[in-house]
Amino acid sequence: MFATLPLLPADPILDLGRLFDADPRPEKVNLGIGVYLDDTAHTPIMRAVAEAETIVRRRENSKAYLPPKGAPGYAEGIERIALGSDIAAVAEGRCAIVQTPGGCGALGIAGALMKRSGVECVVMGTPTWSNHKPVFGAAGLATRMIPYYDADTGGIDFAGFIAEVKTLGPKDVLLIHGACHNPTGADLSHEQIDELIDIALDRGFLPMIDSAYHGLGESLDTDGYVLRAFASRLPELLISYSCSKNFGLYRERTGAIIMIGKDADHAAILQSHALDIARQTYSMPPAHGALMVSEILASDELEAMWRSELAEMQSAIRARRRLFADALAHTPLGNSLAWVGDHNGMFSLLPMTPEQTRRMRDEFAIHMAASGRINVCGIRADNAERLARAVAQILSSEPVMQSA
Ligand code: LMR
(Lines give C-alpha, C1' and ligand atoms only; values in the text may rest on other atoms or scores of the structure.)
Protein backbone atom coordinates (compact mmCIF):
# COMPACT_ATOMS: atom_id res chain seq x y z
CA MET A 1 0.00 0.00 0.00
CA PHE A 2 2.66 2.50 0.97
CA ALA A 3 5.37 1.33 -1.43
CA THR A 4 5.16 4.40 -3.66
CA LEU A 5 5.24 7.02 -0.91
CA PRO A 6 8.47 9.03 -1.10
CA LEU A 7 10.38 10.09 2.01
CA LEU A 8 9.64 13.75 2.66
CA PRO A 9 12.22 16.31 3.73
CA ALA A 10 12.03 17.45 7.38
CA ASP A 11 10.08 20.63 8.17
CA PRO A 12 12.41 23.63 7.63
CA ILE A 13 11.62 25.15 11.04
CA LEU A 14 10.92 22.13 13.22
CA ASP A 15 14.12 20.39 12.14
CA LEU A 16 16.18 23.30 13.49
CA GLY A 17 15.57 22.10 17.06
CA ARG A 18 17.00 18.68 16.26
CA LEU A 19 20.12 20.18 14.69
CA PHE A 20 20.58 22.54 17.64
CA ASP A 21 20.17 19.79 20.24
CA ALA A 22 22.65 17.60 18.37
CA ASP A 23 25.32 20.33 18.24
CA PRO A 24 27.89 19.57 20.97
CA ARG A 25 29.64 22.99 20.83
CA PRO A 26 29.06 24.89 24.11
CA GLU A 27 29.10 28.26 22.34
CA LYS A 28 26.13 27.32 20.11
CA VAL A 29 23.42 29.94 19.70
CA ASN A 30 19.77 29.22 18.94
CA LEU A 31 18.22 31.71 16.51
CA GLY A 32 15.86 29.09 15.11
CA ILE A 33 12.28 28.22 16.04
CA GLY A 34 10.01 31.07 17.19
CA VAL A 35 9.91 30.63 20.94
CA TYR A 36 10.76 33.23 23.55
CA LEU A 37 14.11 32.70 25.28
CA ASP A 38 15.15 34.44 28.50
CA ASP A 39 18.66 35.57 29.45
CA THR A 40 19.66 31.96 30.08
CA ALA A 41 18.34 30.79 26.69
CA HIS A 42 15.45 29.09 28.47
CA THR A 43 11.74 29.29 27.58
CA PRO A 44 10.13 29.96 30.96
CA ILE A 45 6.60 29.19 32.11
CA MET A 46 4.93 32.57 32.72
CA ARG A 47 4.12 33.17 36.40
CA ALA A 48 0.46 33.87 35.61
CA VAL A 49 0.30 30.56 33.74
CA ALA A 50 1.93 28.68 36.61
CA GLU A 51 -0.59 30.17 39.07
CA ALA A 52 -3.50 29.42 36.77
CA GLU A 53 -2.22 25.88 36.35
CA THR A 54 -2.26 25.34 40.12
CA ILE A 55 -5.85 26.55 40.26
CA VAL A 56 -6.87 24.38 37.29
CA ARG A 57 -5.23 21.28 38.78
CA ARG A 58 -6.96 21.90 42.12
CA ARG A 59 -10.35 22.50 40.55
CA GLU A 60 -10.35 19.96 37.70
CA ASN A 61 -12.10 16.79 38.85
CA SER A 62 -12.80 15.16 35.51
CA LYS A 63 -11.17 14.52 32.17
CA ALA A 64 -14.49 14.29 30.33
CA TYR A 65 -14.61 16.21 27.04
CA LEU A 66 -14.81 19.97 26.86
CA PRO A 67 -17.76 21.39 24.93
CA PRO A 68 -16.88 21.39 21.17
CA LYS A 69 -16.68 25.20 21.18
CA GLY A 70 -14.03 25.14 23.89
CA ALA A 71 -13.39 25.77 27.57
CA PRO A 72 -16.04 27.81 29.40
CA GLY A 73 -15.17 31.50 29.20
CA TYR A 74 -12.34 30.95 26.71
CA ALA A 75 -14.07 32.40 23.63
CA GLU A 76 -15.25 35.45 25.59
CA GLY A 77 -11.74 36.03 26.98
CA ILE A 78 -10.09 35.73 23.56
CA GLU A 79 -12.71 38.03 22.04
CA ARG A 80 -11.99 40.68 24.69
CA ILE A 81 -8.18 40.62 24.38
CA ALA A 82 -8.17 40.32 20.59
CA LEU A 83 -10.95 42.74 19.67
CA GLY A 84 -11.85 44.70 22.81
CA SER A 85 -15.36 45.21 24.07
CA ASP A 86 -16.59 48.02 21.84
CA ILE A 87 -16.45 46.51 18.36
CA ALA A 88 -19.83 46.65 16.66
CA ALA A 89 -19.43 43.14 15.24
CA VAL A 90 -19.22 41.83 18.81
CA ALA A 91 -22.21 43.85 20.05
CA GLU A 92 -24.25 42.74 17.02
CA GLY A 93 -23.48 39.06 17.62
CA ARG A 94 -21.60 38.81 14.32
CA CYS A 95 -18.47 37.37 15.91
CA ALA A 96 -18.19 33.59 16.48
CA ILE A 97 -15.18 32.00 18.16
CA VAL A 98 -14.17 28.36 18.37
CA GLN A 99 -11.21 27.09 20.40
CA THR A 100 -8.59 25.33 18.26
CA PRO A 101 -5.40 23.32 18.79
CA GLY A 102 -3.01 26.29 18.47
CA GLY A 103 -3.05 28.99 15.81
CA CYS A 104 -2.17 26.40 13.20
CA GLY A 105 -5.34 24.44 14.03
CA ALA A 106 -7.27 27.65 13.39
CA LEU A 107 -5.54 28.10 10.04
CA GLY A 108 -6.50 24.54 9.08
CA ILE A 109 -10.14 25.17 9.96
CA ALA A 110 -10.03 28.46 8.06
CA GLY A 111 -8.64 26.69 4.99
CA ALA A 112 -11.43 24.08 5.03
CA LEU A 113 -14.02 26.78 5.63
CA MET A 114 -12.72 28.75 2.65
CA LYS A 115 -12.82 25.66 0.46
CA ARG A 116 -16.46 25.01 1.45
CA SER A 117 -17.27 28.65 0.69
CA GLY A 118 -15.91 28.60 -2.86
CA VAL A 119 -12.71 30.57 -2.28
CA GLU A 120 -10.49 30.20 -5.33
CA CYS A 121 -7.16 31.53 -4.18
CA VAL A 122 -5.37 32.49 -0.98
CA VAL A 123 -3.02 35.35 -1.71
CA MET A 124 0.00 35.98 0.51
CA GLY A 125 2.78 38.54 0.70
CA THR A 126 6.31 37.29 -0.03
CA PRO A 127 7.81 35.86 2.09
CA THR A 128 5.45 34.31 4.59
CA TRP A 129 5.57 31.68 7.36
CA SER A 130 6.81 28.46 5.76
CA ASN A 131 3.68 26.58 6.86
CA HIS A 132 1.07 28.95 5.39
CA LYS A 133 1.19 27.61 1.86
CA PRO A 134 1.15 23.93 2.95
CA VAL A 135 -1.83 24.49 5.28
CA PHE A 136 -3.96 26.18 2.64
CA GLY A 137 -2.71 23.83 -0.07
CA ALA A 138 -3.80 20.88 2.08
CA ALA A 139 -7.30 22.35 2.12
CA GLY A 140 -7.30 22.13 -1.67
CA LEU A 141 -6.93 25.87 -2.21
CA ALA A 142 -4.77 27.55 -4.81
CA THR A 143 -2.21 29.97 -3.37
CA ARG A 144 -0.48 32.95 -4.94
CA MET A 145 2.46 34.99 -3.71
CA ILE A 146 2.57 38.75 -4.23
CA PRO A 147 5.27 41.30 -3.27
CA TYR A 148 5.49 42.39 0.39
CA TYR A 149 8.99 42.60 1.85
CA ASP A 150 11.67 44.88 0.44
CA ALA A 151 15.00 43.20 1.21
CA ASP A 152 16.96 46.32 0.22
CA THR A 153 15.39 48.48 2.92
CA GLY A 154 14.22 45.87 5.42
CA GLY A 155 10.80 47.49 5.05
CA ILE A 156 7.69 46.85 2.98
CA ASP A 157 7.29 47.27 -0.76
CA PHE A 158 3.90 48.79 -0.09
CA ALA A 159 3.39 50.09 -3.64
CA GLY A 160 4.14 46.63 -5.10
CA PHE A 161 1.91 44.94 -2.50
CA ILE A 162 -1.01 47.30 -2.97
CA ALA A 163 -0.81 47.14 -6.77
CA GLU A 164 -1.46 43.38 -6.57
CA VAL A 165 -4.06 43.67 -3.80
CA LYS A 166 -6.05 45.99 -6.08
CA THR A 167 -6.44 43.12 -8.58
CA LEU A 168 -8.11 40.76 -6.06
CA GLY A 169 -11.78 39.93 -6.25
CA PRO A 170 -14.60 38.32 -4.23
CA LYS A 171 -13.29 34.76 -4.73
CA ASP A 172 -9.91 35.65 -3.22
CA VAL A 173 -8.64 35.67 0.33
CA LEU A 174 -5.78 37.95 1.32
CA LEU A 175 -3.71 36.55 4.19
CA ILE A 176 -2.44 39.31 6.45
CA HIS A 177 -0.10 38.88 9.39
CA GLY A 178 -1.12 40.31 12.73
CA ALA A 179 1.69 42.19 14.49
CA CYS A 180 5.23 40.74 14.28
CA HIS A 181 5.43 39.56 10.69
CA ASN A 182 6.90 36.08 10.37
CA PRO A 183 9.59 35.83 8.99
CA THR A 184 10.52 39.47 8.31
CA GLY A 185 9.48 41.49 11.39
CA ALA A 186 8.29 44.23 8.97
CA ASP A 187 4.73 45.20 9.90
CA LEU A 188 2.23 47.40 8.08
CA SER A 189 1.80 50.83 9.67
CA HIS A 190 -1.64 51.81 10.95
CA GLU A 191 -2.06 54.10 7.93
CA GLN A 192 -1.19 51.26 5.57
CA ILE A 193 -3.68 49.01 7.38
CA ASP A 194 -6.38 51.65 6.90
CA GLU A 195 -5.55 51.90 3.19
CA LEU A 196 -5.68 48.12 2.86
CA ILE A 197 -9.12 48.04 4.47
CA ASP A 198 -10.37 50.67 1.99
CA ILE A 199 -9.17 48.46 -0.85
CA ALA A 200 -10.70 45.31 0.70
CA LEU A 201 -14.06 47.09 0.95
CA ASP A 202 -13.76 48.28 -2.62
CA ARG A 203 -12.64 44.97 -4.15
CA GLY A 204 -14.74 42.61 -2.02
CA PHE A 205 -12.06 40.00 -1.21
CA LEU A 206 -12.02 38.33 2.21
CA PRO A 207 -9.16 39.28 4.55
CA MET A 208 -7.81 36.60 6.87
CA ILE A 209 -5.46 37.69 9.66
CA ASP A 210 -2.99 35.27 11.21
CA SER A 211 -2.32 36.63 14.68
CA ALA A 212 0.39 34.60 16.41
CA TYR A 213 2.41 37.23 18.32
CA HIS A 214 -0.17 39.62 19.73
CA GLY A 215 1.51 41.81 22.37
CA LEU A 216 5.10 40.98 21.47
CA GLY A 217 5.58 43.77 18.92
CA GLU A 218 4.79 47.01 20.75
CA SER A 219 1.94 46.28 23.16
CA LEU A 220 -1.33 44.38 23.25
CA ASP A 221 -3.16 47.58 22.41
CA THR A 222 -0.94 48.80 19.54
CA ASP A 223 -0.48 45.32 18.08
CA GLY A 224 -4.24 44.79 18.30
CA TYR A 225 -4.93 47.71 15.95
CA VAL A 226 -4.87 45.50 12.86
CA LEU A 227 -7.43 43.13 14.43
CA ARG A 228 -9.73 45.87 15.70
CA ALA A 229 -9.52 47.96 12.51
CA PHE A 230 -10.40 45.06 10.20
CA ALA A 231 -13.06 43.73 12.59
CA SER A 232 -14.69 47.17 12.86
CA ARG A 233 -14.88 47.93 9.18
CA LEU A 234 -15.19 44.66 7.30
CA PRO A 235 -18.51 42.83 6.95
CA GLU A 236 -16.71 39.48 7.00
CA LEU A 237 -13.36 38.47 8.41
CA LEU A 238 -11.40 35.45 9.60
CA ILE A 239 -8.72 35.58 12.30
CA SER A 240 -6.54 32.75 13.53
CA TYR A 241 -5.42 33.59 17.06
CA SER A 242 -2.58 31.84 18.84
CA CYS A 243 -1.83 31.80 22.58
CA SER A 244 1.43 29.92 22.00
CA LYS A 245 3.71 32.94 22.23
CA ASN A 246 1.83 35.59 24.22
CA PHE A 247 0.86 33.10 26.95
CA GLY A 248 3.97 30.94 26.42
CA LEU A 249 1.70 27.93 25.96
CA TYR A 250 3.45 26.51 22.91
CA ARG A 251 3.11 22.80 23.70
CA GLU A 252 -0.41 23.16 25.08
CA ARG A 253 -1.77 23.94 21.59
CA THR A 254 -4.07 26.77 22.52
CA GLY A 255 -5.65 28.92 19.84
CA ALA A 256 -8.91 30.10 18.36
CA ILE A 257 -10.60 30.82 15.09
CA ILE A 258 -12.47 34.12 15.14
CA MET A 259 -15.12 34.41 12.44
CA ILE A 260 -17.01 37.59 11.69
CA GLY A 261 -20.13 37.16 9.59
CA LYS A 262 -22.21 39.80 7.84
CA ASP A 263 -24.99 39.24 10.41
CA ALA A 264 -25.62 37.10 13.48
CA ASP A 265 -27.20 34.32 11.40
CA HIS A 266 -24.11 34.07 9.22
CA ALA A 267 -21.86 34.05 12.28
CA ALA A 268 -23.86 31.07 13.56
CA ILE A 269 -23.48 29.36 10.17
CA LEU A 270 -19.71 29.95 10.19
CA GLN A 271 -19.48 28.56 13.70
CA SER A 272 -21.45 25.44 12.73
CA HIS A 273 -19.00 24.78 9.89
CA ALA A 274 -15.94 25.36 12.09
CA LEU A 275 -17.34 22.84 14.59
CA ASP A 276 -18.13 20.39 11.79
CA ILE A 277 -14.60 20.68 10.35
CA ALA A 278 -13.11 20.22 13.82
CA ARG A 279 -15.30 17.14 14.37
CA GLN A 280 -14.02 15.63 11.12
CA THR A 281 -10.37 16.22 11.94
CA TYR A 282 -9.55 16.18 15.67
CA SER A 283 -13.12 15.99 17.04
CA MET A 284 -12.68 17.81 20.38
CA PRO A 285 -10.47 20.66 21.55
CA PRO A 286 -7.63 19.94 23.99
CA ALA A 287 -8.40 21.25 27.48
CA HIS A 288 -5.38 22.20 29.51
CA GLY A 289 -4.04 25.36 27.83
CA ALA A 290 -7.47 26.86 27.29
CA LEU A 291 -8.51 26.20 30.88
CA MET A 292 -5.45 28.17 32.02
CA VAL A 293 -6.11 31.05 29.62
CA SER A 294 -9.74 31.19 30.80
CA GLU A 295 -8.56 31.23 34.41
CA ILE A 296 -6.14 34.08 33.74
CA LEU A 297 -8.67 36.16 31.84
CA ALA A 298 -11.35 35.61 34.48
CA SER A 299 -9.16 37.05 37.25
CA ASP A 300 -8.16 40.73 37.42
CA GLU A 301 -5.09 39.80 39.41
CA LEU A 302 -3.87 37.04 37.08
CA GLU A 303 -4.65 39.10 34.00
CA ALA A 304 -2.63 42.04 35.36
CA MET A 305 0.26 39.66 36.09
CA TRP A 306 0.06 38.18 32.59
CA ARG A 307 -0.08 41.63 30.95
CA SER A 308 2.98 42.77 32.85
CA GLU A 309 4.96 39.61 32.03
CA LEU A 310 4.01 39.96 28.38
CA ALA A 311 5.22 43.57 28.43
CA GLU A 312 8.51 42.36 30.00
CA MET A 313 9.00 39.84 27.20
CA GLN A 314 8.17 42.48 24.60
CA SER A 315 10.74 44.91 25.99
CA ALA A 316 13.38 42.19 26.36
CA ILE A 317 12.94 41.31 22.69
CA ARG A 318 13.27 44.97 21.73
CA ALA A 319 16.41 45.33 23.85
CA ARG A 320 17.97 42.33 22.11
CA ARG A 321 17.22 43.84 18.72
CA ARG A 322 18.97 47.04 19.75
CA LEU A 323 21.94 45.11 21.11
CA PHE A 324 22.30 43.28 17.81
CA ALA A 325 21.83 46.39 15.67
CA ASP A 326 24.53 48.17 17.72
CA ALA A 327 26.89 45.22 17.41
CA LEU A 328 26.28 45.04 13.63
CA ALA A 329 27.01 48.77 13.35
CA HIS A 330 30.50 48.09 14.73
CA THR A 331 31.32 45.67 11.90
CA PRO A 332 32.11 46.61 8.29
CA LEU A 333 28.39 46.19 7.62
CA GLY A 334 27.91 49.54 9.37
CA ASN A 335 24.27 50.57 9.35
CA SER A 336 23.31 48.50 6.34
CA LEU A 337 21.23 46.16 8.51
CA ALA A 338 20.11 48.85 10.99
CA TRP A 339 16.48 47.86 10.39
CA VAL A 340 17.08 44.79 12.57
CA GLY A 341 16.83 47.19 15.51
CA ASP A 342 13.43 48.53 14.43
CA HIS A 343 11.48 45.45 13.45
CA ASN A 344 8.62 44.02 15.49
CA GLY A 345 8.53 40.74 17.36
CA MET A 346 10.92 37.82 17.32
CA PHE A 347 11.98 37.69 13.70
CA SER A 348 14.06 39.48 11.14
CA LEU A 349 15.29 38.19 7.82
CA LEU A 350 19.01 38.42 7.17
CA PRO A 351 19.95 38.65 3.49
CA MET A 352 21.57 35.20 3.39
CA THR A 353 21.37 32.24 1.07
CA PRO A 354 20.67 28.77 2.49
CA GLU A 355 24.35 27.99 1.91
CA GLN A 356 25.38 31.04 3.98
CA THR A 357 23.06 30.00 6.82
CA ARG A 358 24.61 26.53 6.70
CA ARG A 359 28.04 28.16 7.08
CA MET A 360 26.71 30.16 10.05
CA ARG A 361 25.89 26.83 11.68
CA ASP A 362 28.96 24.86 10.59
CA GLU A 363 31.59 27.56 11.16
CA PHE A 364 30.11 29.58 14.03
CA ALA A 365 27.60 27.28 15.79
CA ILE A 366 24.88 29.83 15.03
CA HIS A 367 21.62 28.05 14.24
CA MET A 368 19.07 29.86 12.08
CA ALA A 369 16.52 29.05 9.40
CA ALA A 370 17.79 28.42 5.87
CA SER A 371 15.63 31.34 4.69
CA GLY A 372 17.89 33.75 6.63
CA ARG A 373 15.29 34.20 9.38
CA ILE A 374 16.63 34.79 12.87
CA ASN A 375 14.76 34.68 16.16
CA VAL A 376 16.35 37.61 17.97
CA CYS A 377 15.42 36.07 21.34
CA GLY A 378 18.66 34.07 21.11
CA ILE A 379 20.75 37.29 21.15
CA ARG A 380 22.26 38.27 24.50
CA ALA A 381 24.89 40.66 25.81
CA ASP A 382 27.47 37.87 25.87
CA ASN A 383 26.98 36.73 22.27
CA ALA A 384 25.80 39.79 20.30
CA GLU A 385 29.28 40.84 19.16
CA ARG A 386 30.24 37.35 18.12
CA LEU A 387 26.98 36.99 16.20
CA ALA A 388 27.43 40.34 14.48
CA ARG A 389 31.01 39.51 13.47
CA ALA A 390 29.90 36.15 12.10
CA VAL A 391 27.13 37.80 10.04
CA ALA A 392 29.62 40.36 8.74
CA GLN A 393 32.14 37.65 7.86
CA ILE A 394 29.58 35.57 6.02
CA LEU A 395 28.07 38.54 4.19
CA SER A 396 31.26 40.42 3.38
CA SER A 397 34.07 37.94 3.96
CA GLU A 398 35.47 40.06 6.76
CA PRO A 399 37.93 38.02 8.86
CA VAL A 400 36.35 37.44 12.26
CA MET A 401 38.40 38.78 15.21
CA GLN A 402 38.22 36.48 18.20
CA SER A 403 37.03 38.27 21.34
CA ALA A 404 39.65 38.85 24.00
C1 LMR B 1 7.97 29.60 14.02
O2 LMR B 1 7.64 30.20 12.99
O3 LMR B 1 9.14 29.37 14.29
C4 LMR B 1 6.90 29.16 14.97
O5 LMR B 1 5.67 29.67 14.58
C6 LMR B 1 6.88 27.71 15.19
C7 LMR B 1 6.34 26.96 14.01
O8 LMR B 1 5.40 26.20 14.20
O9 LMR B 1 6.86 27.10 12.90
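The values are calculated or read from the model by the stated rules, or taken from the named source; none is laboratory data. Computed from a prediction, not measured in an experiment: that's the story for all the values here. Every residue, glycine as well, gets a Cβ built from its backbone with ideal geometry; the counts of neighbours run over all protein chains shown. Ligands, DNA and RNA are stripped out before the accessible areas are found, and what is left, the full protein with its side chains, is counted by its heavy atoms. Shrake-Rupley method; radii C 1.70, N 1.55, O 1.52, S 1.80 Å.
Quick one: P(r) of the chain from all Cα-Cα pairs, 10 Å bins, percents rounded to integers, in order of increasing distance.
So the P(r) values, bin by bin, are 5, 22, 31, 26, 13, 3, 0.
Could you estimate the translational diffusion coefficient of the range 32-152 from the Stokes-Einstein equation, with Rh from the Kirkwood formula over C-alpha pairs, at 20 °C and 1.002 mPa s, in whole µm²/s?
The calculation lands on 118 µm²/s.
Above 17 angstrom, tally the Cα pairs of the range 21-67 and express them as a % of all pairs, no decimals.
On the way: 636 of 1081 pairs.
Counting pairs separated by more than 17 Å, the tail of P(r) holds 59 percent.
Per 10 Å bin from zero, what fraction in whole % of the C-alpha pairs of the range 306-404 is there, up to the bin with the longest pair?
16, 50, 27, 6, 1
Heavy atoms of the protein only, probe of 1.4 Å, neighbouring chains included. What is the accessible area of Asp342 in Å², nearest 10?
The accessible area of Asp342 comes to roughly 120 Å².
With both partners inside the range 65-298, how many of the DSSP beta bridges are antiparallel, as a percent to the nearest 5? Could the numbers behind the result be given before it?
On the way: 14 of 33 bridges.
About 40 percent, rounded to the nearest 5.
Restricting to DSSP H runs of at least four residues, report the calculated mean residue ellipticity at 222 nm for the chain, -39500 (n - 2.57) per run over all residues, nearest 500 deg cm²/dmol.
Taken over the chain, the calculation gives -13500 deg cm²/dmol.
Check cross-link reach from Lys133 to the lysines: straight Cα distance under 20 Å, and skip same-chain residues fewer than eight apart.
Lys115, Lys171
What is the ratio of the Cα radius of gyration of the range 178-316 to 2.2 N^0.38 Å, with N the residue count, to two decimals?
1.13
Two decimals is fine: what is log10 I(q)/I(0) at q = 0.10, 0.16, 0.20 Å⁻¹ for the range 1-98, from a Debye sum with one equal scatterer on every Cα and no solvent?
Taken in order of the listed q values, log10 I(q)/I(0) reads -0.63, -1.00, -1.04.
With every protein chain present, what is the per residue accessible area of the chain (1.4 Å probe, Å²)? Let's see the in-between values first.
Working: 17800 Å² over 404 residues.
Roughly 44 Å² per residue, with all protein chains present.
Let me understand the range 246-285 better: what is its radius of gyration from the alpha carbons, and its Dmax, in angstrom?
12.7, 35
On a 1.4 Å probe surface of the protein chains, which of Glu60, Glu51 comes out largest in accessible area, and what is the full order?
Glu51, Glu60
Label 7 Å along Cα→Cβ of Asp23; the range 308-347 residues with amide nitrogen under 18 Å?
Residues 324, 347 qualify, since their backbone N sits under 18 Å from the label point.
Report, in whole Å, the centroid distance computed from the Cα atoms of the range 10-31 and the range 182-239.
First find each Cα centre; the distance between them is then 33 Å.
Carbon and sulfur: what percent of the range 65-298's accessible surface (1.4 Å probe)?
52
Could you give the angle, 0 to 90 degrees to the nearest 10, between helix 354-364's Cα long axis and the longest principal axis of the Cα atoms of the chain?
Rounded to the nearest ten degrees, it is 60.
Show log10 I(q)/I(0) for the range 65-298 at q = 0.17, 0.18 Å⁻¹, two decimals, from a solvent-free Debye sum over equal Cα scatterers.
One equal scatterer on each Cα of the range 65-298 leads to -1.29, -1.47.
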